[in-house]
Each structure stands twice: as C-alpha cells, then as structure tokens.
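> Quick one: the structure is below, questions incoming.
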Amino acid sequence: MRKLLVMIAADLRQQVLDKSFFIFGLAVPFALMAVFNLVFAPLTEDLEPITVAVSVPDGDQLGAVVPQVLSGLDGGGMPVTVQQVDAADATSRVEEGEAGVGVVVPEGFTAGLMAGRAPEVTVRHADGTGLEADVVTGVVDGLMTQFTSGARTLAAAQALGADPAQLGQLAQEVSAGGSAVAWTPGESADEQLSPQGTIVAGQAGFFLLFTVGFGVLGLVVEREWGTLARLLSMPMPSWLVVLSKGLSSFVLGVVATAVLLTAGSLFFDVDFGSPLAVAVLLLAVVAAATSIMFLIAKVARTAEQAGVAQAIVAITLGMAGGAFFQVGGSGMLSEIMQVNPVAAMSRGLGVTSGGGGVVDLGPVLLTMLIFTAAMLTLSWLLPGRKDAL
Amino acid sequence: MTTTTAPVLDADGLARSFGSLTAVDGVTFQIRPGETYGLLGPNGAGKTTTISMIAGLLRPDAGSVTVAGVPLGDRPIEAKRHIGLVPQDLAIYPELSARDNLTYFGRLQGLSGSRLRERVGAVLETVGLTDRAKGASKKFSGGMKRRLNIGIGLLHEPRLLILDEPTVGVDPQSRHAILESVEALSTEGMAVLYTTHYMEEAERLCDRIGIIDAGSLQAEGTRDELVDLIGGTDTVTLAGTGDLEAAERALADLAAVEQVHRDRGALRLAVKGAPRAISGIVNATAGAGMTLSDVEISRPDLEAVFLHLTGKALRD
C-alpha cells in the first residue's frame, strides 16, 4: 500500500511539474466553455420584454380574445405589455418603434368567421425585433387556427338548428378557455440541462477523456523512457504499477472535472443539483473514461500512437455524446453511441439538474459500470503488451 | 575476483520465444559474489531478453532463475530485493532532480527515513553527482544521466547488479568513469552481470565472459580460457641490436616458444602464454648477446574468439 501511494504521489507530482494537466485539463476546457458561451449565449438568453399594440373592433366577441391571450404570455416567461388601440394607432406605434408588434383584427371578424369566410388579421413587426415578435406572431397564428376549427364546428352546429346567439357566446368562452392540455416543467429526475449547462457538461466530459490520459498513458511514456522496466524490477507485484497509473488517472480526472463543473456553475450560472449525486456520477464517469485509456495503452506501441488514438477516441465520443452539438438519430447505432462517458455526463447532469438524486441516476451509473467492466476486460484479453493490464 | 562461495545468480536453461522467433535458447550460467560476468554478443543476440528474465521482467518459457538462493519464479518479490537493474534506456524521470529520482526509487525498494537519506547521499557521492543533486536531471549531460541511471541500481545495495549496455551512446570520458565505477563494485563483493557488445569493455571488466549469439551461449570462461578455446598463440616481436642469430637459437630452446622468425633487425616469435613467458624470453635474448630496444606482444582477442565460434564479427 505504501509503495502504491508513493507511485501515485510521484505521478501526480510529475503532472504538476509538467504543467500539461493544468493547461489541457483545466485551462483549455474552461476557455472553450467561455468561448462557446459567448457564441451561443445570444441564442440562450431569456426573452426580452415586448409591447404589443392590438386593435380589436368594438363588440367583436372572438376578436376580444386576442388581447386576453397575448396578455397571458406575461405570466409564461415572456414579459408582454398589451396596449389596446385603434387600427391606425396599431400601425403607427409599430412604425415609430413604440410597440414591437402591431396586431389589427378587422371589422366583422367574428361574423366573417361564423359565415365561413377567412377574415384577414394583420400582424406587423417593428424593425429589429427578434425572437419575441416571432413568439407573438406564433401565438396569434395558433389562436387563428383555433378560431377556424371552432368556427367550423359551430357552423356545423348552426346548420343542425342551434341558436346563433348562444353559439357566439359559446365560441368566445371556448376560445378564452385556452388549451385543454397543460404542460409543467419537471421537478424531479428529468433530463433537462440548460443550454449553458449542456456546454459545461459537454466540455467537462470531452476534456475528461484527455485528462485521464495523463496517468494511464504514462505507462506508454515510461515504457519508452525505460522507467517502466525499472519499476517492474522493483520488489512489488507488477499489477501495482498498473493500478497506480489507473488511480493517478482517476484522481486527475476527478479533480479536473470537479473543478470544471464548479467553475462552470459559478461563471455560467448553472445549477447541477445535488452535490452528492453529481459526485457519484463523477466517480462513475471518470472510472469509465479511465478504462478506455487502459485499452489504448495496451495497443499503442509509442507515446505518439497513444496520443493520436486518445484524440480520435475523445473526438468521436465527444461528438457522439453531444459535447459540441446535440446529435440526432435513432436506432441501435444511436443507442450504442450514447453509451459513452461524455453522453453519460450530460445525461447524468441533466438528471441531477432536474432535481434527481443518486437513485434517479441508476440507469446512467449502471451503464458506466458495465462500460468500465467491458473496457477493462477487453484490455485484459487483447493481445499486446503485458505491462498495461 | 572469483571465490568459491554459493552463486548469487544461478540461471539455468533459460529459454524464451516471441512467436516463431527463439530469442533465448537454454542459457545457463552462474555468477558468484564479487564476480563480474560479461554477456558479450552483438545486437539481437539475446542479451537483453536474458537479463529481462533474470530481473523478473519477462517470464521464461523454460528454465529457472535463482538469486541469492531465492527462486525468482516462486518468490519473485523476495528475489527482486536482491537485484539492482540498470536498464539500457535512461530509466530516470527527467523532471525530477537526481536526489528526487534516487529517493523515489529508494522508497520503492523499501528504504525509508534516515536509511534512505544515507543511501541517497552515498550513491550521489559514488556516481559523482553530489554537486548537482538538486537540479532537474533533464538538464544533465548524457554521461551524468548514465551515472544517475547506474546509481539508482545501487541504492539498496543489491547482491546482484545487472547492467545492460551501460555505456551505449556515452562520450569517452563518461565511459571511462562508468567503467571505473563498475570495477569498484566487484571489489565490494557485489555480483555484476554486464552485457555489452564492446569487446574491450568485456576484457577490461569481466572475470568471466559468456559469448552469446542467436540466443545461445556459445562459450564461457575467463578471457584466457576463451582464447585457449581457439588454440591461439601470442605473437612477440623483439627489436634490437647485437647477435640476433644466437638469440634466435636460444629462444628456440624455450618451451613456451613454438616458432622463431628473423626479420631484418627483429625477431618474431609464436609464444604460448606470452605474459607468463616474457621474462624468460627477455633473459634468453640478453644471455645470447642481443640488446633489446623494443618488445611488442600481440594477443588473440575476443573478437577473434567470437569470429571463430560464430563465423561472424561482433559488430555485424
């Protein structure tokens, strides 16, 4: 045990002296996180407040629903101020920039709908409006679709002899009642990382595949240096040397990833949830990433080969795991590509972000356990150097 | 210096193949305390594979290794305590200082506390690196790195020190220093296994030499025993003035002298065991009235022995 600790301590000291760990394990991934956040932040920021000028003819039953629904957006995450004006004002306010969107409901809107005609609602955007105006337009469009289908239903009822006055009242109530299907953000065990969280988790997972190489792939470097032969000639079991490299990788991986996740949380305002659950996930993912390095150390003949193989594996798994962008796809291949430490990191942190605990991480942890066992077994069985498993 | 005590190393019938290639085939030899044994052979002869099996880095396909009475196959950790390995590569950590390298490997050898500090200091002194103990070893010259490499093997005062071509790529001055250090080790009672493809090193350092080629030990013995294997005689050339004819006759009567040729102002002799016979030769020429101005002895070397045994030169 003492010799194991001596070797681990020496390995870690080497990494500190070498500085590569700090550069490639911490500085570079953190810098990339910052860059990605800068690039993608405009797409992920909260929606800005918007003023909507709405013109509805007096006494129009269905037209009156439009400003009511748009006002309802204010409580749904998008600050909206609805101003009821006449048609001319709705247009001028948009042109003067006092309103982001102008909505003009034409005269005879409800009657036209009930008569089966297609009255034209005008939606006008001010210059320079963004996503917020699109949202308003989408809501108006959805409302019109709802009106159209409701009107057709009512027209059918009228044809069957129903009272037109009652039908108009009914149509207004139905339209104002909103959707019959409600959705609620999950509070527990949902995989829901924010865009910033996705960047932090993806980069932490991706660079983990480089960080863990500092330990295990040291076997290949030491093989070239000749120090491995010297270590194996020492009075201790040879597996102790391999174990020390694995544990060095593990420690470096845990430290680097923990620092990155913590820094990412602080600097990019991401909440990954329960620290205990994140810690358990971290241990499992780092173990899996380390196991891949044993496979590389087994087949690589030189440090250069090992470095290239490590880069290829990291980029492949990083892309498959969504470190740079979400990968779509379905079928068995897609499922297999998801079984990797980078994907597990994102999925697991999604679970913890959604309020999930260690139990909720069960499938992810089990996947990583199986992955680790499979990699180590493969390293053991593969023909090659006997000094790396 | 050879003694009759129990061998420190007993390598018996070692064999190892890599696929269809037989790297070592039935190598057997022993080394006793204080003895320096040289494994002499060209690159690819099987020297490194042999010492890898002796140091416990490779498992032999056949045969056994016993170090200080401990069978390596059965009790590897105990046997390895008696071995100091100096690999051919510079097996040091470049970012660490000489002292840190020694301390690290000393700990792995089981040393600690004051004993560790004492040994590190002693080894730094032995290899002449006390003044540079704190500097990163990557800044050392090639010779200094080689000396540190050897020093690590000496840390725990092993019974058997294995040196795998320790002078490869070393400048003449450092080589001289390394050879002097190795010579001193055998006087301290340590058994030394020294592999080399430099004939001069084997002749200078080794009490006994095993000639290895194509994985097999072709012959072993002292330098003279090996030379005797090929029935070689030494050539002695005597230059001088006076009665060369009388000297020729007198020399021909000596038992050690097999042939005498007169070549203008010199006599050329074929002599069995010239170092032992030279005083009799000088006395005989003086008695016959020849005044010597120069004496030259040419002996068959290990290169000739290797050529005779394997049909190829050492550096082939």
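> I'd like the FRET efficiency for A:Glu335 and A:Leu243, computed as 1/(1 + (r/R0)^6) with the beta carbon distance as r and R0 of 41 Å, rounded to 0.05. Show your work: numbers first, answer last.
Working: r = 33 Å, r/R0 = 0.79.
Once the sixth-power term is evaluated, E becomes 0.80.
> Angle, helix B:172-187 long axis vs. longest principal axis of chain B, Cα atoms, 0 to 90°, nearest 10?
Result, in degrees: 80.
> Additional query: Which of the listed residues, A:Ala155, B:Ala255, A:Thr227, is farthest toward the dipole's positive end in the protein assembly as shown, when Lys, Arg count +1 and Asp, Glu count -1 at the beta-carbon?
Among A:Ala155, B:Ala255, A:Thr227, the one farthest towards the positive end of the dipole of the protein assembly as shown is B:Ala255.
> Can you tell me how segment A:50-176 classifies by the Cα gyration tensor, rounded, prolate or oblate, using a/c under 1.5 as the rounded cut?
Numbers: a/c = 2.46, a/b = 1.97, b/c = 1.25.
Prolate, since a/c reaches 1.5 and a/b exceeds b/c.
> Kindly state, to the nearest 0.05, the FRET efficiency for A:Ala88 paired with A:Leu160, given R0 = 35 Å and r defined as their beta-carbon distance.
With R0 = 35 Å, the Cβ-Cβ based efficiency is 0.30.
> Among A:Val135, A:Val6, A:Val85, whose Cα projects farthest towards the positive end of the dipole of segment A:6-149, with charges put on the beta-carbon of Lys, Arg (+1) and Asp, Glu (-1)?
Farthest towards the positive end: A:Val6.
> Give me the angle, in degrees from 0 to 90, between the Cα long axis of helix B:142-154 and the longest principal axis of the Cα atoms of chain B, rounded to the nearest 10.
70
> Taking a ≥ b ≥ c as the square roots of the Cα gyration tensor eigenvalues, with a/c under 1.5 meaning rounded and otherwise prolate when a/b beats b/c, else oblate, which class fits segment B:75-120?
It is oblate, given that a/c is not under 1.5 and a/b is not larger than b/c.
> Let me ask something additional. Between A:Glu224 and A:Thr302, with labels modelled 7 Å along Cα→Cβ, what's the label distance in nm to one decimal, could you check?
Placing both labels 7 Å beyond Cα along the Cβ direction yields 0.7 nm.
> Let me ask another. Take A:Leu281, A:Leu295 and sort them by solvent-accessible surface of the protein heavy atoms, 1.4 Å probe, largest at the top.
Greatest to least solvent exposure: A:Leu295, A:Leu281.
> So, one more: Just how much of A:Asp134 is accessible, in Å², when a 1.4 Å probe is used and the result is rounded to the nearest 10?
90
> Also: Give me the number: length gained by fully extending B:Lys138 to B:Thr241, i.e. 0.36 nm times residue separation minus the C-alpha to C-alpha distance, one decimal in nm.
That pair, B:Lys138 and B:Thr241, stretches by 31.1 nm at full extension.
> Once fully extended, how much extra length lies between A:Leu4 and A:Asp271, figured as 0.36 nm per residue of separation less the alpha-carbon to alpha-carbon distance?
Using 0.36 nm per residue and subtracting the Cα-Cα distance, I get 92.4 nm.
> Give me the three principal axis extents of the protein assembly as shown from the C-alpha atoms, as integers in angstrom, largest value leading.
Rounded to whole Å, the extents work out to 156, 50, 50 Å.
> Moving to a separate point now. Averaged over B:77-84, how many beta carbons belonging to a partner chain fall within 10 Å of each residue's beta carbon?
Details: counts 4, 1, 1, 5, 2, 1, 3, 2.
If you average over the peptide's residues, the count of other-chain Cβ atoms is 2.
> Suppose R0 equals 35 Å; then what is the FRET efficiency for A:Leu283 and B:Asp12 from their Cβ-Cβ distance, rounded to the nearest 0.05?
My answer for the efficiency is 0.10.
> Could you state how much accessible area A:Trp239 has, in square angstrom rounded to the nearest 10, with a 1.4 Å probe and all protein chains kept in place?
Surface accessible to solvent at A:Trp239 totals approximately 150 Å².
> If each of B:Ala252 and B:Glu118 carries a label point 7 Å out from its Cα toward its Cβ, how far apart are those two points in nm?
Between B:Ala252 and B:Glu118, the label points sit 6.9 nm apart.
> Another question about this same structure. If the only charges are +1 at each Lys and Arg Cβ and -1 at each Asp and Glu Cβ, what is the size of the charge dipole of segment A:50-176 around the Cα centre, to the nearest 20 debye?
So the dipole magnitude of segment A:50-176 works out to roughly 480 debye.
> Next question. With a ≥ b ≥ c the root eigenvalues of the C-alpha gyration tensor of segment B:9-228, is it rounded (a/c under 1.5), prolate (a/b larger than b/c) or oblate?
Prolate is the answer for segment B:9-228, as a/c is 1.5 or above and a/b outweighs b/c.
> So if I place +1 on the C-beta of Lys and Arg and -1 on the C-beta of Asp and Glu, and nothing else carries charge, what would the dipole magnitude of segment B:9-228 be about its Cα centre? I want it in debye, nearest 20. Write out the running numbers ahead of the final one.
On the way: 24 positive and 29 negative charges, 245 e Å.
Charge dipole, segment B:9-228, about its Cα centre: 1180 debye, nearest 20.
> Quick one: compute the contact order of segment A:50-176, relative version, from alpha carbon pairs under 8 angstrom and 6+ residues apart, as a percent.
29
> For segment B:246-304, which trypsin sites (Lys or Arg not before Pro) pass both filters: DSSP loop (anything but H, G, I, E, B) and at most 10 other C-beta atoms within 10 Å? Intermediate results must be reported in sequence, preceding the final value.
Working: sites: B:Arg249, B:Arg262, B:Arg264, B:Arg268, B:Lys272, B:Arg276; in loops: B:Arg264, B:Lys272.
Here the sparse-neighbourhood loop sites are B:Arg264.
> What nm value, rounded to one decimal, do you get for the distance between A:Met319 and B:Glu200 when each label is placed 7 Å out toward the C-beta?
Placing both labels 7 Å beyond Cα along the Cβ direction yields 5.8 nm.
> Next question, about the same structure. Only four residue types carry charge here, +1 at the Cβ of Lys and Arg and -1 at the Cβ of Asp and Glu. Report the dipole size of chain A about the Cα centre in Debye, rounded to the nearest 20.
That gives a dipole near 3220 debye.
> So which GluC sites (Glu not before Pro) in segment B:151-231 end up in coil per DSSP with only 13 or fewer other C-beta atoms within 10 Å?
B:Glu188
> Now for a separate question. Once you mark the GluC sites (Glu not before Pro) that are in a DSSP loop and have at most 15 other Cβ atoms within 10 Å, what is the longest gap between them in chain A?
So the longest stretch without any such site is A:188-389.
> What's the longest uninterrupted piece of chain A once you rule out the trypsin sites (Lys or Arg not before Pro) that are loop residues per DSSP with at most 14 other Cβ within 10 Å?
A:118-300
> Inside 10 Å of the C-beta atoms of B:174-181, what's the mean count of C-beta atoms belonging to other chains?
For this peptide, the per-residue mean of nearby foreign Cβ atoms is 0.
> Select from A:Pro106, A:Val278, A:Met236 the residue farthest towards the positive end of the dipole of the protein assembly as shown; place +1 on Cβ of Lys and Arg, -1 on Cβ of Asp and Glu, and compute about the Cα centre.
My answer, from the dipole projection, is A:Met236.
> Continuing with this model, one more query. Given a cut-off of under 8 Å on Cα pairs at least six residues apart, what relative contact order in percent is computed for segment B:233-299?
51
> Report relative contact order for segment B:78-216 in percent, whole number only (criteria: Cα-Cα under 8 Å, sequence separation at least 6).
Contact order relative to length: 29 percent.
> Provide, as a two-decimal number, the C-alpha radius of gyration of chain A over 2.2 N^0.38 Å, N being how many residues it has.
Cα-based Rg divided by the globular estimate yields 1.43.
> Between A:Thr81 and A:Leu131, what length in nm is gained on full extension when 0.36 nm per residue of separation is reduced by their alpha carbon distance?
Full-extension gain reported as 16.4 nm.
The values are calculated or read from the model by the stated rules, or taken from the named source; none is laboratory data. In this text the structure is predicted, and so the values were computed from the model without any measurement. No Cβ is skipped: glycine too gets one built from the backbone with ideal geometry, and neighbour counts run over all protein chains shown. All accessible areas refer to the heavy atoms of the entire protein, side chains included, with ligands and DNA or RNA removed. Shrake-Rupley method; radii C 1.70, N 1.55, O 1.52, S 1.80 Å.
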